[in-house]
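Asks: Take this structure first; my questions come after.
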Amino acid sequence: MAGLKKKSDGASGASRFAAWLRGTPGMENIKPARQVVEQANRLAAVGLAEDLAGLDVAELGAALDELGELTDPPELARFLVLIREIADRTIGLRPFDVQLRAAAAMLDGISVEVATGEGKTLIGAVVAAGWVLQGRQVHVLSANDYLAERDAAWMGPLLAAAGASVATVTSATPQADRVAAYRADVVYVPVTEAGFDVLRDRVRSRPEEMVGISQDATVLDEADAVLLDEAKTPLVLAGEAGATPELDLSVADFVADLVEGVDFEVDDDRRTLHLTDTGINRVEDWAPEADLFSDGADVLTRVNVALYARTLLVRDVDYVLADGAVSLVSSSRGRIDALQRWPEGLQQAVEAKERLAGSAGVQVLDQLLVRDLVTGYRTVVGMSGTLVSAAEELMELYEIRSGSIEPNVPNIRTDEEDRLYETGAERDAAAVAFIGDLHEAGQPVLVATQSVAESERFHRLLTEAAVPAVLLNAKNDREEADIIARAGEPGRITVSTQMAGRGTDIKLADGAAEAGGLCVVGIERFPNPRLDNQLRGRAGRQGDPGHSVFFTSLEDALLREFLPGTPEARDVLEADGLVLDRKHARFIDQAQRISDGQQREQRSLARRYAHLPAQQRVEIVKVRGELMIGDRALERLKQKIPDRIDELAEQVSAEELESAARTAVLSSLDERWSAHLAYALEIREGIHLQALGKQEPLTVYNRMLHEAFPDLLQEALATAVELFEDAEVVDGRLDLDSAGLYRPGATWTYMVTDDHFGSEWSRIGRLLRPARR
Ligand code: ADP
Ligand code: MG
């Protein structure tokens with residue numbers, strides 16, 4: 001076995017200091033925060049401590065109230081002393097100096113890296129309390145419903161004693177309760193839910209229907225995951241559009257007959273496929289009237305998507321059938337996720353493959369990038385166990401300043417260098433043997449793989465080797481958290497994906513520390529070092545013993561994808577396939593750097609493409625807001641069709657007329673916006689196919705969107721005018737519906753996950769390209 005161990009310095013210590021000295025862009029000195037905590041401790045030492053002891057919680061809260069806006073250090077120091085006392089008395093947690101330091105830095109606008117298990121939940125609550133004293137309204141954005149609920153319940157008593165009202169919003173919160181919830185001083189809400197509420201508010205036609213989410217100040221938990229990993233994930237508000245189930249079914253029937261290797265080919269990694277010339281000929285024979293390379297591109301798209309659904313999406317792996325519907329299984333988290341849908345077309349194709357009734361098509365009414373949600377807040381500070389390595393990009397993309405806080409007790413986890421094997425099979429065999437030995441010795445092990453399918457596969461290998469392991473395939477976040485929370489029991493082996501159970505603390509049970517603490521084993525390295533470090537951070541919390549190691553091989557996806565042609569390791573193997581030559585280990589780092597760089601590039605590109613539509617949307621929302629007031633919409637129509645309005649005014653009440661005008665104008669505007677979004681997507685996909693000469697695709701895209709925009713409002717008004725001219729008065733009301741009012745059926749929200757958008761969907765996009773020369 002390779003005895004190459006080095007002491008952990010990932011999260012703290014010398015390397016960080018060195019980085020700071022080098023002046024890592026985006027990294028901030030947090031000395032002022034340190035000083036204010038020292039000041040707080042001096043304050044507590046000279047008398048205040050005894051004074052505090054004599055006060056009850058209510059009196060402490062009153063003392064907080066007397067503080068000003070915490071703008072000068074002495075006030076901030078007093079605040080920290082008081083809040084520490086309140087936290088201790090209300091929730092039984094007395095913030096450590098490092099936690100207060102983190103909170104002080106955050107109140108100063110600096111996002112902080114605080115290692116896993118150091119108590120970020122409490123830090124976030126202290127920051128929220130401080131902001132509320134400053135008259136701010138705070139959203140603590142968390143990763144999911146479960147964490148929002150947990151944290152609000154946990155921190156509620158502290159915040160209440162500090163004079164702040166607290167509420168939780170989750171996907172289960174009824175519409176009627178949301179207005180009140182969003183009025184609370186501190187709202188714990190998952191990022192997605194806050195985004196959906198912003199989206200839903202943007203298409204309402206009456207101010208009183210809005211939940212009115214104010215985007216003042218936010219504490220962002222797991223900030224790098226939200227700001228980087230999920231940054232290009234759009235949250236979508238969709239409405240029903242015309243379904244084409246017969247066509248979907250006939251396409252499904254057609255592709256069912258295509259033969260792999262003849263009509264189409266699947267790449268080795270079984271992630272992409274493409275039609276061969278034979279296949280394209282068959283499509284042409286099947287749909288002869290369609291010119292496949294212009295109007296008929298739609299047929300070809302449908303065939304490709306259906307083929308993809310047939311060949312590469314596997315029931316019970318990628319999706320499950322439940323209650324006559326297709327539900328997605330998220331490949332990174334491994335569970336059925338009601339929030340997710342495949343992008344337009346693919347969902348229907350899978351339904352057709354399964355001969356289901358076929359849900360309505362989806363029309364995207366509006367969308368919001370997670371990134372744009374976050375930047376919509378006036379003040380954003382984040383916290384995360386892995387922020388420093390993202391500092392530069394966070395500064396670049398968000399102007400976020402980052403600082404780093406050392407752990408309360410020094411981290412003694414050992415991070416072993418990768419154990420690199422020649423083949424994947426040797427890698428797995430070695431990992432299984434390694435884990436089996438630890439299990440024998442009573443050490444708990446958390447195994448993380450690249451995907452759910454991989455977790456299942458690895459779990460099978462362990463079982464075959466008679467190593468008992470728990471496979472994490474929970475149905476929901478709470479269950480997942482419960483399983484992960486037990487990962488620190490002696491000898492327990494938990495197999496999961498990297499993301500599973502995030503936010504859940506893994507405490508060592510009795511006897512586990514003596515056996516060496518939690519050992520984290522990664523099977524293959526992740527696409528960027530931050531993800532590796534997040535995983536390592538699971539072990540060694542709060543000074544616990546712990547260990548981490550990755551098992552890799554020269555056949556790993558990272559190498560195959562980003563460094564194809566990596567030289568074979570020759571006579572450098574031990575009998576079990578271990579590669580001793582560290583040169584090869586460096587190839588993995590290199591491949592990871594390329595992968596990381598590519599992801600950064602994609603994020604930057606996504607941001608540049610999202611910029612103009614987001615700006616345009618802000619303008620539309622402003623116009624909408626104005627048209628919603630009183631008779632403004634009616635006035636606009638009056639300018640165009642004064643006679644008709646006069647005529648109607650005699651038949652319906654003034655109130656009805658105003659309301660109908662509002663509905664007609666706003667719905668038409670929403671319809672145009674939805675079409676504008678579709679247009680944006682079309683150009684974005686289309687322009688990459690065209691020969692552009694020397695023109696930059698982004699420039700063309702922006703120009704076309706810019707040109708289309710001014711017409712949008714005029715076209716919407718024209719539609720509203722038509723509606724008003726066509727509509728008849730029925731029972732004293734203007735019947736807009738019969739006149740063809742745009743009213744998307746049921747609306748729902750979902751998230752286009754990276755899995756399906758950034759990869760599968762763009763792969764489908766890619767596979768279309770060769771065909772359309
Ligand atoms: P993180 O989000 O940083 O991973 P959590 O907020 O989940 O950490 O907290 C991890 C654990 O640390 C929890 O069990 C919590 O009760 C404990 N903890 C946090 N702050 C303190 C404190 N000041 N004193 C004692 N325990 C604490
Ligand atoms: Mg946490």
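The values are calculated or read from the model by the stated rules, or taken from the named source; none is laboratory data. Keep in mind that this is a model prediction, so the values were computed, not measured. A quick note on method: Cβ atoms are made from the backbone with ideal geometry, for glycine too, and the neighbour counts reach across all protein chains shown.
Asks: For the range 107-119, enumerate the residues that are within 13 Å of ligand 1 (Cβ to nearest atom) and either buried (at least 24 other Cβ atoms within 10 Å of the Cβ) or at pLDDT below 95 (or both).
Replies: Across the range 107-119, the qualifying residues are Val112, Glu113, Val114, Ala115, Thr116, Gly117, Glu118.
Asks: Can you list the helices (runs of 4 or more DSSP H) found entirely within the range 432-543 that contain at least 3 residues being within 16 Å of ligand 2 (Cβ to nearest atom) and within 22 Å of Asp589 (Cα to Cα)? If you could, list the steps in order and put the result at the bottom.
Replies: On the way: elements: 452-464, 477-485, 529-536.
Output list reads 529-536.
Asks: Still on this structure, I have one more. Any residue in the range 253-275 that is modelled with pLDDT under 90 sitting within a Cβ distance under 7 Å of a residue that is exposed (fewer than 13 other Cβ atoms within 10 Å of the Cβ) and of a type outside the set (Asp, Glu)? List the pairs, counting only those 6 or more apart or interchain.
Replies: Within 7 Å, the pairs are Thr272/Arg766; His274/Pro770.
Asks: Residue under question is Arg34, and the condition is that it be outside any helix (DSSP H, G or I) and either within 25 Å of Val370 (Cα to Cα) or away from ligand 1 (no atom under 16 Å from the Cβ) (or both); does it hold?
Replies: no
Asks: Let me ask you something else. If we keep just the residues of the range 122-137 that are hydrophobic (A, V, I, L, M, F, W, C) and under 16 Å from Ala102 (Cβ atoms), which is surrounded by the most Cβ atoms within 10 Å (Cβ to Cβ)?
Replies: Initially, the range 122-137 is screened for residues hydrophobic (A, V, I, L, M, F, W, C), giving 122-123, 125-129, 131-133.
Filter once more, keeping what is under 16 Å from Ala102 (Cβ atoms): 122-123, 125-129, 131.
On the way: Leu122: 23, Ile123: 27, Ala125: 32, Val126: 28, Val127: 25, Ala128: 30, Ala129: 27, Trp131: 24.
Among those that are hydrophobic (A, V, I, L, M, F, W, C) and under 16 Å from Ala102 (Cβ atoms), it is Ala125.
Asks: Being over 30 Å from Pro527 (Cα atoms) and of a type in the set (A, V, I, L, M, F, W, C) is true for just one of Leu681, Leu605, Leu612, Leu669. Which residue is that?
Replies: Result of the check over Leu681, Leu605, Leu612, Leu669: Leu669.
Asks: Of all residues in the range 601-637, count the ones that are farther than 27 Å from Glu707 by Cα and surrounded by 18 or more Cβ atoms within 10 Å (Cβ to Cβ).
Replies: Residues meeting the conditions: 1.
Asks: Every residue in the range 590-627 that is closer than 26 Å to Leu554 by Cα and in contact with a Leu (Cβ under 9 Å, 6 or more places away or on another chain), please.
Replies: Gln590, Ala591, Gln592, Ile594, Ser595, Gln599, Arg600
Asks: Please go through the range 162-177 and pick out each residue that is surrounded by fewer than 23 Cβ atoms within 10 Å (Cβ to Cβ) and either in contact (Cβ under 8 Å) with a residue 40 or more places away in the chain or assigned to a helix (DSSP H, G or I) (or both).
Replies: Gly163, Ser171, Gln175, Ala176, Asp177
Asks: Touching a Gly at 6+ places or on another chain (Cβ under 8 Å), more than 18 Å from Arg206 (Cα to Cα), surrounded by fewer than 20 Cβ atoms within 10 Å (Cβ to Cβ) and touching a residue at least 24 places away in the same chain (Cβ under 8 Å): is that true of Gln651 in this structure?
Replies: Considered against the rule, which asks whether it is touching a Gly at 6+ places or on another chain (Cβ under 8 Å), more than 18 Å from Arg206 (Cα to Cα), surrounded by fewer than 20 Cβ atoms within 10 Å (Cβ to Cβ) and touching a residue at least 24 places away in the same chain (Cβ under 8 Å), Gln651 comes out as yes.
Asks: Right, another one. So which of Glu416, Glu440 is free of Cβ contacts under 8 Å to residues at least 60 places away in the same chain and more than 16 Å from ligand 1 (Cβ to nearest atom)?
Replies: The unique qualifying residue is Glu440.
Asks: On to the next question. Taking into account only those residues within the range 501-516 that are among the small types (Gly, Ala, Ser) and crowded, with 23+ Cβ neighbours inside 10 Å, which is farthest from ligand 1 (Cβ to nearest atom)?
Replies: Within the range 501-516, the first condition is being among the small types (Gly, Ala, Ser), and the residues that meet it are 501, 503, 509, 511-513, 515-516.
Then drop every residue that is not crowded, with 23+ Cβ neighbours inside 10 Å, which leaves 501, 512.
Details: Gly501: 11, Ala512: 15 Å.
My answer is Ala512.
Asks: Run down Ala143, Ala184 and say which single residue is closer than 24 Å to Ala87 by Cα and modelled with pLDDT of 95 or more.
Replies: Working: Ala143 fails: modelled with pLDDT of 95 or more.
Answer to the selection: Ala184.
Asks: So, of the residues in the range 38-54 that are farther than 17 Å from Arg101 by Cβ and surrounded by 16 or more Cβ atoms within 10 Å (Cβ to Cβ), which turns out to be farthest from ligand 2 (Cβ to nearest atom)?
Replies: Leu48
Asks: So how many residues does the range 388-418 have that are closer than 22 Å to Val521 by Cα and either part of a loop (DSSP other than H, G, I, E, B) or charged (D, E, K, R) (or both)?
Replies: 8
Asks: Scan the range 536-551 for residues that are within 28 Å of the chain's Cα centre (by Cα) and surrounded by fewer than 24 Cβ atoms within 10 Å (Cβ to Cβ) and jot them down.
Replies: Once the filter is applied, which keeps residues that are within 28 Å of the chain's Cα centre (by Cα) and surrounded by fewer than 24 Cβ atoms within 10 Å (Cβ to Cβ), the range 536-551 yields Gln542, Val549.
Asks: May I pose another question? If you check Val432 against the conditions, is it modelled with pLDDT of 95 or more and either under 30 Å from Ala103 (Cβ atoms) or more than 31 Å from the chain's Cα centre (by Cα) (or both)?
Replies: yes
Asks: Name the single residue, out of those in the range 377-390 being more than 16 Å from ligand 2 (Cβ to nearest atom) and over 29 Å from Leu508 (Cβ atoms), that is surrounded by the fewest Cβ atoms within 10 Å (Cβ to Cβ).
Replies: Among residues in the range 377-390 that are more than 16 Å from ligand 2 (Cβ to nearest atom) and over 29 Å from Leu508 (Cβ atoms), the one surrounded by the fewest Cβ atoms within 10 Å (Cβ to Cβ) is Arg378.
Asks: Within the range 85-106, restricting attention to residues that are within 13 Å of ligand 1 (Cβ to nearest atom) and of a type in the set (Gly, Ala, Ser), which residue is farthest from Leu43 (Cα to Cα)?
Replies: Among those that are within 13 Å of ligand 1 (Cβ to nearest atom) and of a type in the set (Gly, Ala, Ser), it is Gly92.
Asks: Looking at the range 203-220, can you tell me whether even one residue there is within 16 Å of ligand 2 (Cβ to nearest atom), more than 22 Å from Asp477 (Cα to Cα) and out of contact with any Pro (no Cβ under 7 Å at 6 or more places or on another chain)?
Replies: yes
Asks: Would you pick out the residues in the range 655-680 that are among the acidic types (Asp, Glu) and touching a Leu at 6+ places or on another chain (Cβ under 8 Å)?
Replies: Glu656, Glu658, Asp670
Asks: Another question, if that's okay. It is to be established whether one or more residues within the range 16-27 are part of a loop (DSSP other than H, G, I, E, B), at pLDDT below 80 and exposed (fewer than 13 other Cβ atoms within 10 Å of the Cβ).
Replies: yes
Asks: Report yes if Leu554 is touching a Pro at 6+ places or on another chain (Cβ under 6 Å) and surrounded by 22 or more Cβ atoms within 10 Å (Cβ to Cβ), otherwise no. Give the steps one after another, and end with the answer.
Replies: Details: touching a Pro at 6+ places or on another chain (Cβ under 6 Å): no; surrounded by 22 or more Cβ atoms within 10 Å (Cβ to Cβ): yes.
Against the criterion (touching a Pro at 6+ places or on another chain (Cβ under 6 Å) and surrounded by 22 or more Cβ atoms within 10 Å (Cβ to Cβ)), Leu554 does not qualify.
Asks: I'm trying to understand the selection: among the residues of the range 391-440, which are of a type in the set (Ser, Thr, Tyr), more than 30 Å from Leu107 (Cβ to Cβ) and crowded, with 21+ Cβ neighbours inside 10 Å?
Replies: Tyr421
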